[in-house]
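The values are calculated or read from the model by the stated rules, or taken from the named source; none is laboratory data. All of these numbers come straight from a predicted model, not from anything done at the bench. When we count neighbours, we look across all protein chains shown, and the Cβ atoms used for this are built from the backbone with ideal geometry, even at glycine. Keep in mind that these areas ignore ligands, DNA and RNA; they rest on the heavy atoms of the full protein, side chains included. Shrake-Rupley method; radii C 1.70, N 1.55, O 1.52, S 1.80 Å.
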Amino acid sequence: MQLPHLRWHIAIILCLVTTINYVDRQALSVTAPLLMENFSISNTEYGWITSGFLFAYALGQFLSGPLIDRFGSKRAFSLAVVLWSLAGMLHAAARGVGGFFVCRIFLGFTEAANFPAALKAIAEWFPEQDRSIAVGILMVGPGLGAIIAPPLIGLIIVTLGWQWAFIIPGAFGFIWLALWLWYYDLPEQHRWIQAEERQLILKNRIQESGPATVNWAALIRQRHMQGLLLSRFLGDGPFYFFVFWLPAYLASTRGFDITQIAMTAWFPFLAADLGSLAGGWLSARLMRAGISLNLARKTVIWAGALLVSASMPVVMADSAYTAIGLIALAMFAIQVKAAVLFALPADIYPPGQVATAWGLFGAAGSLGAMLFSPMVGWMVDNWSYTPVFILVPLLQILAAWSINLFIPRIGPVKD
């Protein structure tokens, strides 16, 4: 049996696991108002709990990248999914700040393999002109997970209790694992790939130069990598602010109960998914129109970063639904930018180095978000959400600027 366009099937499978990944992590965000009340957790303490996840997520990406490059995306993904599914389920046994902090550390460390492994698979399966679309499909996963999580987790809480809001999503990973083991292989040896598609993929793949893996120190010395690291360090905090804090914001500032949160908190993440697809499609469309990889990628990155600024009036919105609409605009714009930004390691590094490069790239983003999350908690406890909504677009613009500053020409690295 041969399947046409098999690479797009792979992209959908990667999107699916990323969706499950984000449902697992969103379970805490949706249950946060209830848990904060039941266990007397303050905004600052909740900020530290989410910061613990991001610290472990950063460390996990940093360490997992070279292992994924060494053992391959298939085996690495399989182990990671088993571990993060168990970690998600363990939240049901947590009690208080300490328990949730430890569980978030475990979950963050194990979930960290998702993006390095997924981007390695994309580098292995997609030629340059299709890569931003594949990343856009992958990036639908976070938004789709966040869309599914509020109604799903809300329904589970109401019908079964908050503990099951962690157990049931954790079980989804084992179902996906069976699909992954049955379906995935490299294009060189996949039993279902057509000869024309295999030729297209291998002809356009960045060729390996030097060792299959590169150490972290060598990567960090490269100016390209420095630009990637700075862009993620500055830009990830705003996205995780919406992931971790949107339900708490709707509850504390807009007066929403758990049912209202379940009915509305998904909308900004639907906009995020549309942004992911739009960013990936636009970059590919520009390239097919004859625009260079460098200009196509940077144009979309800047378009997304600047559009985030249109969401700043959220702090003055009288209507909660107007505020949600403006947040949705911000999420759309952030993901337009992210769909292209996240493709850059695969544009710059060969497949044998992508997971290591992406691990560093992702770790920088998680470290930036880790520092941003407790700052959010402190600002909310001492002032309000207003300074947070001002910082969100500013950080996005600085992230786009860092790409221009450090990477004059996007393309395969020469040094």
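What the table shows:
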{"quantity": "Given 15 as the ceiling on other Cβ atoms within 10 Å, longest exposed-site-free region of the chain for GluC sites (Glu not before Pro) in DSSP loops", "calculated": "209-415"}
{"quantity": "Solution diffusion estimate, µm²/s, Stokes-Einstein, segment 230-296, Kirkwood Rh from C-alpha pairs, 10 °C, viscosity 1.306 mPa s", "calculated": "110"}
{"quantity": "Value of D in µm² per second that Stokes-Einstein yields for segment 276-415, Kirkwood Rh from Cα pairs, at 25 °C (0.890 mPa s)", "calculated": "149"}
{"quantity": "Gyration tensor verdict on segment 127-261 (Cα atoms; rounded if a/c is under 1.5, prolate if a/b is larger than b/c, oblate otherwise)", "calculated": "oblate"}
{"quantity": "Where 9, 224, 190 fall by accessible area, highest first, once all protein chains stay in place (1.4 Å)", "calculated": "9, 224, 190"}
{"quantity": "For segment 245-340, average projected area of the Cα convex hull in nm²", "calculated": "6.0"}
{"quantity": "List 273, 257, ordered by accessible area with a 1.4 Å probe, largest first", "calculated": "257, 273"}
{"quantity": "Solvent-accessible surface (1.4 angstrom probe) belonging to residue 228, in square angstrom, nearest 10", "calculated": "0"}
{"quantity": "Descending semi-axes in Å of segment 1-134, equivalent ellipsoid built from Cα gyration tensor", "calculated": "33, 15, 13"}
{"quantity": "Sulfur and carbon atoms: percent of accessible area, the chain [1.4 Å]", "calculated": "70"}
{"quantity": "Loop-located chymotrypsin sites (Phe, Trp or Tyr not before Pro) in segment 309-409 whose Cβ has at most 13 other Cβ within 10 Å (DSSP)", "calculated": "383"}
{"quantity": "Within the chain, helix-based [θ] at 222 nm, where runs of 4 or more DSSP H residues each add -39,500 (n - 2.57), nearest 500", "calculated": "-27000 deg cm²/dmol"}
{"quantity": "With all protein chains modelled, accessible area of residue 232 [1.4 Å, Å²]", "calculated": "10"}
{"quantity": "Of every Cα-Cα pair in segment 77-142, the percent that sits beyond 21 Å", "calculated": "40"}
{"quantity": "Under the Karplus curve 6.51 cos²θ - 1.76 cosθ + 1.60, θ = phi - 60°, whole-Hz ³J(HN,Hα) for segment 139-153, x wherever Gly or Pro sits", "calculated": "6, 5, x, x, x, 5, x, 6, 5, 5, 4, x, x, 5, 5"}
{"quantity": "With all protein chains modelled, accessible area of residue 216 [1.4 Å, Å²]", "calculated": "80"}
{"quantity": "Gain upon complete extension [residue 189, residue 295; 0.36 nm per residue less C-alpha separation]", "calculated": "34.7 nm"}
{"quantity": "Descending Cα extents along the principal axes, segment 76-115, whole Å", "calculated": "32, 14, 9"}
{"quantity": "Whole-angstrom Cα spans of the chain along principal axes, big to small", "calculated": "57, 42, 38"}
{"quantity": "By accessible area with a 1.4 Å probe, ligands and nucleic acids excluded, highest first: order of 176, 164", "calculated": "164, 176"}
